[in-house]
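Worksheet: the structure to be examined is printed underneath.
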Amino acid sequence: MVSGSSPMIAFIGFKCIAILNCLHVILSEFSVSSLPWSIQIVSRSAFEVPLRGMVFRLVKTAISNIVPLKRTMVEYSGKLALAPMVRSGEIPTRLMALRYGADLVWTPEIVDKKLIKCERVINDDLGTVDFLDPNKKVVFRTYPAEESGKLIFQIGSADPELAVQAAKIVAQDVDGIDLNCGCPKPFSTHSGMGAALLTTPDLLESILRNLVSEVGKVYDIPISAKIRLLDDTDVTPSLELIDRLCKTGISNLTLHCRTPRMRNRDTPVRDFLPSIIDTVHANNVSFIINGSIRSRREFHLLQRKYGEKVGGMIAESAESNPTVFAETPLPWNQVVPEFIKIAQDMDNYPGNTKYIMLNQVPGKSKFYQKFCQVKTHKELLEIAETIGDEGNRIMMKYLQKDLLINPSDFEGYQYEMQNKRRLEHGDKINDNDKIDKKQKTVAVAV
């Protein structure tokens, strides 16, 4: 339902946006920066940005009078997602992950008290929705043109009321609210958040129930939780907690297959997954596996073992290469400049761009030191465009080590590493899973 002339204004506005999209495609044909995803309005040409801003202001005026339509509930089952990562999971990483095949993307954890102080602002120039702190600094930015229907917001909280208050601020702009119950870092646990919630199950359960009843049902969005194992030798404590959490009304549970004391260099514990998955699915809740999944191929092999309904979440390797969601990821000489361009288009804070980008460059490369010496997007991009053949291998981090793989060898390498992992767990290797010795790949650890 709409009031007055709003329907016609909205219709004209959205038609204008469609025209601008077409205009952008035409312009990109004559631009050296033409990209496969140029159907989205991301360039910042001298006349396109003001025109786009005018259109967004027109649409915003019309939309303010429109009663929101019923939201389509996001589906977690069988999806491959970008994990929530503090600092690394900002908008450039999320957009690049989506463009290369991620089904869902999680935001970095944002603490309830910080979010409550934010003001929601429509950024006409970028086409984004920004949440600004009292000093007008961007705390959270989303680009609906690409993230709508795929964005899960992770909140950090140790208080049921504050969690609800904070979640309501972003509820109309995201597709799900996720509670961080697994981060073992002191900045999260010192105030009872993150993994500390695993030691206070009554409080954890209360937060989730409040989010489900006061946010999920009101805004018609799913509530989920991300946890860790309680014990790496006995599944019983984890099963008991998981069963309680699944009965709070959450739609999805993500399990990082490590305990709070384990670090990312430690091999994840997957021996308990069959009983955990059965418990979660028995409560009609979807389940996502997190912990050292490196690529889409590995995700498919996990689904072959645990079922197609199981989802996967990639963190470390996606931090170093957001294109790991594609069947074959890009080499780092292509990843780095494309990432910088996305960050520049989204007006990302240059210091954050540099922090994330340095994870995409091998630490022993001469370019790593060159990047360390500059600050602006322009300077970063100028260096990135000179990488050349040195960067023609796929860069991925695994157990906190840099791996460099030739793109032509990537498929064989994936089979090799998966079979090694299966043998470690006592699984049999079928003939179809074996690799021809001629195809065997050695990934260089640097």
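Coordinate-derived values only; no laboratory data. These numbers were taken from a predicted model, which means no experiment stands behind them. A quick note on method: Cβ atoms are made from the backbone with ideal geometry, for glycine too, and the neighbour counts reach across all protein chains shown.
Trypsin sites (Lys or Arg not before Pro), restricted to the stretch 134-239: which are DSSP loop and have at most 16 other Cβ atoms within 10 Å? Please list the in-between numbers first.
On the way: sites: Lys136, Lys137, Arg141, Lys150, Lys168, Arg209, Lys217, Lys226, Arg228; in loops: Lys136, Lys137, Lys150.
Here the trypsin sites (Lys or Arg not before Pro) that fit, given the DSSP loop and packing criteria, are Lys136, Lys137.
Rounded to the nearest Å, what's the spacing between the alpha carbon centres of the stretch 140-190 and the stretch 314-350? Just the number, please.
Centre-to-centre (Cα) distance: 23 Å.
Counting Lys and Arg as +1 and Asp and Glu as -1, what is the net charge of the other residues whose Cβ lies under 12 Å from the Cβ of Leu255?
Numbers: positive: Lys226, Arg228, Arg258, Arg270; negative: none.
That sum, taken over residues with Cβ under 12 Å, equals +4.
Mind scanning Lys341/Lys401; Lys79/Lys113; Lys79/Lys150 and naming the pairs with a C-alpha gap bigger than 21 Å?
The pairs that break the limit, which is 21 Å between Cα atoms, are Lys341/Lys401; Lys79/Lys113.
Please report, in debye to the nearest 20, how large the charge dipole of the stretch 253-380 is about its Cα centre when each Lys and Arg carries +1 at its beta carbon and each Asp and Glu carries -1 there. Could you put the intermediate results ahead of the total?
Numbers: 18 positive and 12 negative charges, 94 e Å.
Dipole about the Cα centre, nearest 20: 460 debye.
Which length gain, in nm to one decimal place, applies between Asp278 and Thr233 when the Cα-Cα distance is subtracted from 0.36 nm times their residue separation?
Values: separation 45, 0.36 × 45 = 16.20 nm, distance 1.86 nm.
Answer, rounded to one decimal: 14.3 nm.
What net charge is computed for the residues neighbouring Pro237, neighbours being all others with C-beta under 12 Å from the C-beta of Pro237, Lys and Arg scored +1, Asp and Glu -1? Walk me through the numbers on the way to the answer.
Details: positive: Arg228, Arg244; negative: Asp231, Asp232, Asp234, Glu240, Asp243.
Overall, the nearby charge balance is -3.
Among Met262, Gly127, Ile250, whose Cα projects farthest towards the positive end of the dipole of the stretch 108-264, with charges put on the beta-carbon of Lys, Arg (+1) and Asp, Glu (-1)?
Farthest towards the positive pole: Met262.
Could you compute the FRET efficiency for Tyr368 and His300, with r as their C-beta to C-beta distance and R0 at 25 Å, rounded to 0.05?
Details: r = 32 Å, r/R0 = 1.30.
It comes to 0.15.
For an R0 of 45 angstrom, estimate the FRET efficiency from the Cβ-Cβ distance between Asn135 and Glu411 and round to the nearest 0.05. It would help to have the intermediate numbers written out before the result.
On the way: r = 49 Å, r/R0 = 1.08.
Between Asn135 and Glu411 the formula returns 0.40.
At 0.36 nm per residue, minus the direct Cα-Cα distance, what do Val218 and Ile116 gain on full extension? Give it in nm, one decimal, please.
Numbers: separation 102, 0.36 × 102 = 36.72 nm, distance 1.84 nm.
Residue separation times 0.36 nm, minus the Cα-Cα distance, leaves 34.9 nm.
State the extension gain, in nm to one decimal, for the chain segment bounded by Arg244 and Asp271, taking 0.36 nm per residue of separation less the distance between their alpha-carbons. Spell out each step's value before the answer.
Values: separation 27, 0.36 × 27 = 9.72 nm, distance 2.11 nm.
This chain segment gains 7.6 nm when fully extended.
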